[in-house]
Amino acid sequence: QVQLVESGGGLVQAGGSLTLSCANSGSIGSFNAMGWYRQAPGKLRELVAMIIKGINASYADSVKGRFTISRANAENTVYLQMNSLKHEDTAVYFCNAIYWGSSYWGQGTQVTVSS
């Protein structure tokens, strides 16, 4: 059973910070990878950050140096620390988890950055 639940979105001023969290409320083994995607109005969903086995992290160029992804493996929970937020970071952020070839999504959480 996989049910990803995101939290931590909201409204913040440019230059501010937010931390997103995503936890699995179901019962399953450890995810192979977890990550965050975002989708702004009128745009395609894009990868923001991904962490594999809780060790190897990768980031979109647009967020490198500002966002940090981390994971609590035992709890199948992933976090996204977002600093120096910009107006263009405004989007719905989705949690994603990979488990042996299957991909799971959360319902999304809105992040709005006012300029």
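Structure summary
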read-out: Accessible surface ranking that places the most exposed of Leu11, Leu18, Leu4 first, with a 1.4 angstrom probe; value: Leu11, Leu18, Leu4
read-out: The chain, accessible area per residue, ligands and nucleic acids excluded (1.4 Å, Å²); value: 52
read-out: Charge dipole (debye, nearest 20) of the chain; +1 at Cβ of Lys and Arg, -1 at Cβ of Asp and Glu; value: 140
read-out: Distance (nanometres) between label positions extended 7 Å along Cα→Cβ at Ala14 and Lys53; value: 4.1
read-out: Extension gain from Asn32 to Trp105, taking 0.36 nm per residue of separation minus the Cα-Cα distance; value: 24.9 nm
read-out: Cα pair distances of the chain binned at 10 Å [whole percent]; value: 15, 51, 28, 6, 0
read-out: At q = 0.27, 0.28, 0.29 Å⁻¹, base-10 log of I(q)/I(0) for segment 66-105 (Debye sum, equal scatterers on each alpha carbon); value: -1.04, -1.06, -1.09
read-out: Carbon plus sulfur fraction of accessible area for the chain, probe 1.4 Å, in percent; value: 52
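The values are calculated or read from the model by the stated rules, or taken from the named source; none is laboratory data. It should be emphasised that the depicted structure is a prediction, and the values quoted were computed from it without experimental measurement. No Cβ is skipped: glycine too gets one built from the backbone with ideal geometry, and neighbour counts run over all protein chains shown. The protein model used for the area step is the full one, side chains on, heavy atoms only, and it has no ligands, DNA or RNA in it. Shrake-Rupley method; radii C 1.70, N 1.55, O 1.52, S 1.80 Å.
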